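Single-structure report; data block below.
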Ligand code: HEM
Ligand code: SF4
Ligand code: FES
């Protein structure tokens, strides 16, 4: 009951909890993907195979992740629906007062960067998760050659360009999202809030940069 | 140094809630740079009355930044250019000679325009009413300081209680959310011993009323804090959320 977003405050609890969940997933996913750059294709495939070995547990985690996505989008749309209703007559002249305002391009475009991420995730899951199955033998075990699939996909320049662009959007989403999620859960601290507000830039940039390196590397060297 | 200035005012004129409004530009010459913005409007209104035109309607009362009656957008910023001040505390010296100043009413579905720059902010009163009473003994006045309150707590409660209910936070918020106002009221009482008995139902009811009035939700843009004439921090919005969590927990 507590999580069903009945009130404006509860909506943000749900949006923040799911946002943090997705953030953690994205961080883990980056480290997984960095295995592509080890120089040995087996490393990446072994890891993927190891995850697959969890079978039904992995399926449950996947479904949970999808549920987080849906709940995140649902709560975000509720927030935006209320926003659109709350000021039917907009201002002729409006600007931010600056100073301590945290209104940025990133905070103003959450819904748009979010929609881009959604479109991307659908494409991404279709391409990789439900993409072609290439078998390979590693350590005498047959497994899926995901490394080959990734290399194939990112040898298409258009895919590299799109992927890089979407990661910039991810960076923008998290520039505001990172500190916003903490604030939504009531975690304000006079000393630390400025730190994680500013730190959000670094976190967002580092994550985006990490993801951007991978397809470019694959395109150039693999 | 006092200067003589000429200013152009581009003002939203709307005769009543049901007739669409429009911007009208007026020029006022040779006014002192030490005048306040509201005094400039007074001068304009005298000229309009002499010409037999309807004066520009705007709210004000104390004109010293303490009552929360005044307020509109000045060049796109609620209350105007100088931070930590109400509209009545903005002075012409902070504008450029020859500048066109745009004045627009606070805009939100929950703040319908009554006339020109005057909006109906009674939604904020209804949120306060939904918060309800606090349990204190009536009868003879209690001794001062009979309830000990630690200094830090008293100061935090004062910070929250500084909110004058002007509604600028709503006006500046991209989502037209009233979270800063509501959270200041909730935090103020939640911090004090007198606010404890009704603590849980107060936050639930005030948030519920806030939503019913048609205010938007908070996306943490923090614009409210930057325009608040009393410098109310968005820390209070975090406190409101903790109070809400606490209330859900104890239901
Ligand atoms: C990789 C996927 C994603 C991650 C890591 C992520 C992360 C986050 C985080 C941490 C927040 C801050 C939560 C808060 O403000 O309390 C947030 C907010 C938001 N997210 Fe996402 N998100 C993702 C995908 C999406 C998608 C697919 C949408 C689609 C519509 C979306 C729309 C939004 C919106 C609109 C907000 C702001 C809500 C508000 O203004 O109150 N996000 N996101
Ligand atoms: S929080 Fe600040 S801006 Fe909002 S009503 Fe109170 S005094 Fe005005
Ligand atoms: S008129 Fe009282 S605060 Fe401006």
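Below are the figures for this structure:
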{"read-out": "Given (1) within 13 Å of chain A (Cβ to nearest Cβ); (2) touching a helix residue (DSSP H, G or I) at 6+ places or on another chain (Cβ under 8 Å); (3) surrounded by 17 or more Cβ atoms within 10 Å (Cβ to Cβ), index of the condition residue B:82 fails", "value": "(3)"}
{"read-out": "Meets criteria (surrounded by fewer than 18 Cβ atoms within 10 Å (Cβ to Cβ), within 14 Å of chain B (Cβ to nearest Cβ) and under 30 Å from residue B:171 (Cβ atoms)) for residue A:87", "value": "no"}
{"read-out": "Residues within region B:2-42 that are free of Cβ contacts under 8 Å to residues at least 24 places away in the same chain and loosely packed, with under 14 Cβ neighbours inside 10 Å, tallied", "value": "7"}
{"read-out": "Residue match in region A:49-71 (condition: touching a residue at least 60 places away in the same chain (Cβ under 8 Å) and buried (at least 18 other Cβ atoms within 10 Å of the Cβ))", "value": "yes"}
{"read-out": "Residue match in region A:22-34 (condition: surrounded by 13 or more Cβ atoms within 10 Å (Cβ to Cβ), farther than 22 Å from residue B:175 by Cβ, away from ligand 1 (no atom under 16 Å from the Cβ) and in contact (Cβ under 8 Å) with a residue 12 or more places away in the chain)", "value": "yes"}
{"read-out": "Output for region B:194-215, where each listed residue is without any contact (Cβ under 8 Å) to a residue 60 or more places away in the chain and within 16 Å of ligand 2 (Cβ to nearest atom)", "value": "B:207"}
{"read-out": "All helices (runs of 4 or more DSSP H) inside region A:90-198 with 2 or more residues being under 19 Å from residue B:225 (Cβ atoms)", "value": "A:105-108, A:157-184"}
{"read-out": "Yes/no for residue B:145 being at positive phi, surrounded by 15 or more Cβ atoms within 10 Å (Cβ to Cβ) and more than 15 Å from the chain's Cα centre (by Cα)", "value": "no"}
{"read-out": "Candidates B:66, B:134 - the one that is more than 15 Å from ligand 3 (Cβ to nearest atom), more than 14 Å from chain A (Cβ to nearest Cβ) and assigned to a loop (DSSP other than H, G, I, E, B)", "value": "B:134"}
{"read-out": "Among the candidates B:186, B:153, residue that is in contact (Cβ under 8 Å) with a residue 40 or more places away in the chain, in a helix (DSSP H, G or I) and either under 23 Å from residue B:73 (Cα atoms) or in the same structural domain as residue B:245 (by TED's automatic domain parsing) (or both)", "value": "B:186"}
{"read-out": "Which listed residue, of B:136, B:182, is crowded, with 23+ Cβ neighbours inside 10 Å and more than 16 Å from ligand 1 (Cβ to nearest atom)", "value": "B:182"}
{"read-out": "Test: residue in region A:148-168 that is within 11 Å of ligand 1 (Cβ to nearest atom), crowded, with 16+ Cβ neighbours inside 10 Å and either modelled with pLDDT under 95 or away from every other protein chain (no Cβ under 14 Å) (or both)", "value": "yes"}
{"read-out": "Flag if residue A:18 is within 21 Å of residue B:216 (Cβ to Cβ) and more than 14 Å from chain B (Cβ to nearest Cβ)", "value": "yes"}
{"read-out": "Members of region B:223-249 found to be within 7 Å of chain A (Cβ to nearest Cβ), farther than 20 Å from residue A:194 by Cα and buried (at least 22 other Cβ atoms within 10 Å of the Cβ), listed by number", "value": "B:244"}
{"read-out": "Residues being within 10 Å of chain A (Cβ to nearest Cβ) and over 24 Å from residue A:91 (Cα atoms) - total across region B:161-201", "value": "1"}
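The values are calculated or read from the model by the stated rules, or taken from the named source; none is laboratory data. Bear in mind that the values here come from a model prediction, so they are computed numbers and not experimental data. Reconstructed Cβ throughout: ideal geometry from the backbone, glycine too, with neighbour counts over all protein chains shown.
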